[in-house]
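Presented below is the structure to which this report refers.
What follows is calculated from the coordinates using simple rules that are stated; it is not laboratory data. Here the structure is a predicted model, which means the values were calculated and not measured. Every residue, glycine among them, receives a Cβ derived from its backbone with ideal geometry; neighbour counts consider all protein chains shown.
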Amino acid sequence: MTPMRIGKPGPDAVRGLFPAVAALIAACAGGSPGGSDKMYVPEDMPEICQDLDFRRDKELRKLCGVKAHNYLAYRNVPEHRDLQEPKAGVIIQKGEEMQLRLENFLPVDLPEDFRGQIRFGEEIRRKTIKSKMDYFEFFAPQADRPEKLIRLDIPLDNGETGSVCYTVERKTETLQHKTGSASRLLPLDCGDFTRLKTLAVIPQRPE
């Protein structure tokens, strides 16, 4: 994707933004006359979430950080740390919650035992976490498609390494319609990851 170049807009450009902003607010606030469907869409929302319909797909709101109208005063700016692997991966901290964001996947919450184990702040924001990723595909007996499995080993501030493992959810036609190109990561016990990897014939990495 070609990065967007943002410069300082002139007065005419700023005035031209008002109708677009008004339309965006109206779209986010649309719904029932009582206002029950009004939502706050955060500026830091992952790109993969941009085209989802949160009025229809309410179960995806939390994953993408979309909140009900009563959170409009929310001012907890998220902090983030970039991962070495996979490329474009980041860990987000907002309050006490920590979230893993990988390209082309919906965000997923990290286990609670990661809380307080990774530093955040302006002085360390640009320091990449030297994480390692392992990926392979496993064909179960009689399966028509492989299971895709991912493991991340993430260095913690105490010198230890925290590991998280996932399978990539297989999409039904209904889920494909809801999430578009985004896939879900489903938690997997890392012991199962290791066991299945020993049974895999040809380990490979995603393109």
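Two numbers describe the Cα atoms of segment 104-149: Rg and Dmax, which are 16.8, 52 Å. Computed over the alpha-carbon atoms, segment 95-179 gives an Rg to Rh ratio of 1.05, Rh here being the Kirkwood radius from the mean inverse distance. Highest average first, the peptides 55-67, 186-198 ordered by how many other beta carbon atoms sit within 10 Å of their residues are 55-67, 186-198.
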